[in-house]
Amino acid sequence: MKYVYVLTSTVKDLYYEQALMSVFSLKYHMPNAQIVLLTDNKTKDTFTEELKRTEIKKYCSEIISVDFDANTPNIDRSRLIKTSIPNYVKEDFLYIDCDTIICEDLSEIEKIPFTTAGVLDGHVLLSEHIHKKYFLKRDKKLGFSGTKQSGYNINGGLILAKAGKETEDLFFNWNEIWKYSAYKKNDKHDQSALNEANYKTGLKMQLLDGEWNCQPSHGGLAYLKNAKILHYYSSEFSSKNYIPYYKLADKKLQYKIKENGKLTEDIIEMIKDPKFQFNSVHLVNDTRIVEILQSPILFTFADINKKFPKLFSILENMTAFIRQTVKKICKK
């Protein structure tokens, strides 16, 4: 079994630093693990001492570079490599996203009888998913039916794939569907294309237990105790209002790795104890609020509060009056 990562990165982003933490954590728990790093020619050219980007070589058994035209964006490089892994890795493999920390030995995955498999996004079926409307709206725009027909969405952060026709068919279709999505519909998400590819090939992907891709910020706390892989979602970094709930996801910590070119002892100690690296967070435990956490209304009020606090104060007072009226009506 090979353990596969896909990395496209520049010195300006933090993807290399995230990958370094993940491959170190895997090697820490599995010293003999065969780690394959799939990258592109532009990224590999940055693996120099001068740029402090050589440490990752210590933990990888093989680094495979894929050539692209100079004008190909990094996101395209990443997606095109990820959706074509069987072209470069002929053995059974476990694909792992870079924004992960490995919590324990993963060799048990080799005993699982599935040919292709992944973990539910958000650890729930579509009917319970907070992003259900978003998934269906996006699929409709793309002309996809996979998520609706299957009733679930598999997270693309971890994929078990054993060598053979089923894997080849899945990835071939994933690659073709992603290119259609990206270049015909201007949507470069890879997860929607993965789930459509799974649907097109007969829904053969099986569902792994949540511990294999524990998503703490997306319903994964129930799997944290037995988590084998913790997926902290670096994509959340893009929000300027993002507050890292997970210490190893903190940009300041990752910039520290960038400055040093390696993992410092304090960070290594944190990686060795990954299930206890959480910051103080405010949990919402009211189901009425949870149901509207992704509502445009909520984000609109948040923006008003940030940019126009006086207007927010007025709206808040008006809402307080409306709230009292609604409470009286609800009691009747």
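Results for (1) farther than 27 Å from Lys188 by Cβ; (2) out of contact with any Leu (no Cβ under 8 Å at 6 or more places or on another chain), shown as yes or no for each residue.
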position: Asp69; (1), (2): no, yes
position: Asn74; (1), (2): no, yes
position: Asn87; (1), (2): no, yes
position: Tyr95; (1), (2): no, no
position: Cys98; (1), (2): no, no
position: Glu108; (1), (2): yes, yes
position: Thr116; (1), (2): no, no
position: Lys132; (1), (2): no, no
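Please enumerate the residues belonging to the stretch 7-23 that are under 20 Å from Leu94 (Cβ atoms) and crowded, with 22+ Cβ neighbours inside 10 Å.
Matches in the stretch 7-23: Leu7, Thr8, Gln18, Ala19, Leu20, Met21, Ser22, Val23.
Specify which of the listed residues (Lys179, Lys188) is open to solvent by 30 Å² or more (accessible area, probe 1.4 Å), over 18 Å from Gly122 (Cα atoms) and not in a helix (DSSP H, G or I).
Lys188
Answer yes if at least one residue in the stretch 228-239 is open to solvent by 80 Å² or more (accessible area, probe 1.4 Å), part of a helix (DSSP H, G or I), at pLDDT below 95 and more than 27 Å from Lys272 (Cβ to Cβ), and no otherwise. Checking the stretch 228-239: at least one residue is open to solvent by 80 Å² or more (accessible area, probe 1.4 Å), part of a helix (DSSP H, G or I), at pLDDT below 95 and more than 27 Å from Lys272 (Cβ to Cβ).
Does Leu136 satisfy the criteria of being without any contact (Cβ under 8 Å) to a residue 24 or more places away in the chain, of a type outside the set (Lys, Arg) and not in a loop (DSSP other than H, G, I, E, B)? When the stated conditions are applied, Leu136 passes them. Take the stretch 25-77 and flag every residue that is part of a strand (DSSP E or B) and either closer than 15 Å to Leu7 by Cβ or out of contact with any Ser or Thr (no Cβ under 6 Å at 6 or more places or on another chain) (or both). Answer for the stretch 25-77, where residues must be part of a strand (DSSP E or B) and either closer than 15 Å to Leu7 by Cβ or out of contact with any Ser or Thr (no Cβ under 6 Å at 6 or more places or on another chain) (or both): Ile35, Val36, Leu37, Leu38, Thr39, Asp40, Glu62, Ile63, Ile64, Ser65, Val66.
Looking across the stretch 102-136, the residues that are over 21 Å from Ala222 (Cβ atoms) and either modelled with pLDDT of 95 or more or open to solvent by less than 70 Å² (accessible area, probe 1.4 Å) (or both) come down to Asp105, Ser107, Glu110, Lys111, Pro113, Phe114, Thr115, Thr116, Phe135, Leu136.
The values are calculated or read from the model by the stated rules, or taken from the named source; none is laboratory data. Only a predicted model underlies this, so the values are computations on that prediction, with no experimental measurement involved. Positions of Cβ are generated from backbone atoms using ideal geometry, with glycine treated the same way; all protein chains shown enter the neighbour counts. Ligands, DNA and RNA are stripped out before the accessible areas are found, and what is left, the full protein with its side chains, is counted by its heavy atoms. Shrake-Rupley method; radii C 1.70, N 1.55, O 1.52, S 1.80 Å.
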